[in-house]
Amino acid sequence: MGYATKDQLKVLCKGKTDAQKKTIEYFCKQPGCMSKIISDSEYLQLVEAKKKQLDLRKKALQKIGLDESEVSEIKPAMFEGFYFKNAYAKQVGDRYVSSSYQVAWLFFSSTQVYIYRCTFNMDDDKKTESTDEFFYKDVTSFSTSSETEESKAVGGNKIEVTSNKFCMVVPGDKLYVAMDGVADSEAIIQAMKQKLREKKM
């Protein structure tokens, strides 16, 4: 992996918040005894802090415009993980982390599935949100799949990272969500599949 030059770092960090500067240096600055870069665990703490600050479960319910009691057919499902497309990436042990993170909430009413997705960047203020809703009869399947994304790079080669995704198939579209950060993802998906089968009977 290549690293940014001192001048490149100066440009990249201009006008950024302290957390954003730390993120950029974490991914782009060459490590060394004279180089102050946050540790892997400190970076993960920054991501957790940003996620907590955004309060995405509350935001999801606001976006779909329903009270939680209206979407309690089964327990809401949450998927999350690093998002690599056009984000800085680096290998940490046997996994990759990136400068973008994605969180999705799925809620289930008696007739519909609601999905809220939010992808936020750690190196700038950019955040993208989307909401969709589908009747159970229109949902083809819930599944997992692997997807390869290409990272962005400064002073070096781009990295291709293959990660696990949750996939919701609907007519004419497939909705993908990062899910590497969810330990019991398979159990969650099985419960969703069971509910989908019940609703289609």
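Just so it is clear, none of the values below were taken in a lab; they were calculated from the coordinates. Keep in mind that this is a model prediction, so the values were computed, not measured. As a convention, Cβ positions derive from the backbone with ideal geometry for all residues, glycine included, and neighbour counts pool all protein chains shown.
With the charge dipole of the chain set up from +1 on Lys and Arg Cβ and -1 on Asp and Glu Cβ about the Cα centre, the Cα lying farthest toward the positive end among the listed residues Phe84, Pro31, Thr128 is that of Pro31. Charges were assigned to the Cβ only: +1 to each Lys and Arg, -1 to each Asp and Glu. The resulting dipole of region 48-133 about its Cα centre is roughly 340 debye. Taking the three principal axes of the alpha carbon atoms in the chain, the coordinate ranges are 64, 30, 27 Å, sorted in descending order. Taking the helices alone, the chain has a mean residue ellipticity at 222 nm of -9000 deg cm²/dmol, built from -39,500 (n - 2.57) per DSSP H run of at least 4 residues and averaged over all its residues. Once you reduce region 75-92 and region 178-197 to the center of their Cα atoms, the two points are 16 Å from each other.
Per residue, what volume in Å³ does the convex hull of the Cα atoms of region 1-90 enclose? Walk me through the numbers on the way to the answer.
Values: hull volume 12.4 nm³, N = 90.
Spread over its residues, the Cα hull of region 1-90 gives 138 Å³ apiece.
Taking Cα centre as origin and charging only the Cβ of basic (Lys, Arg, +1) and acidic (Asp, Glu, -1) residues, the dipole magnitude of region 133-201 rounds to 320 debye.
The alpha carbon gyration tensor of region 82-127 gives principal lengths a ≥ b ≥ c with a/c of 1.5 or higher and a/b no greater than b/c, which makes the shape oblate.
Charged side chains reduced to their Cβ positions (Lys and Arg at +1, Asp and Glu at -1) give region 1-159 a dipole of some 780 debye around its Cα centre.
Charge tally for Asn86 (other residues, Cβ to Cβ under 12 Å; Lys, Arg +1; Asp, Glu -1): 0. Note: relative contact order over region 1-80, using C-alpha pairs below 8 Å and six or more positions apart, is 20 percent.
Contact order, relative form, for region 71-201: 24 percent (alpha carbon pairs under 8 Å, 6 or more residues apart, mean separation divided by residue count).
What net charge is computed for the residues neighbouring Glu42, neighbours being all others with C-beta under 12 Å from the C-beta of Glu42, Lys and Arg scored +1, Asp and Glu -1?
Numbers: positive: Lys22, Lys36; negative: Glu25, Asp40, Glu48.
Net charge in that neighbourhood comes out at -1.
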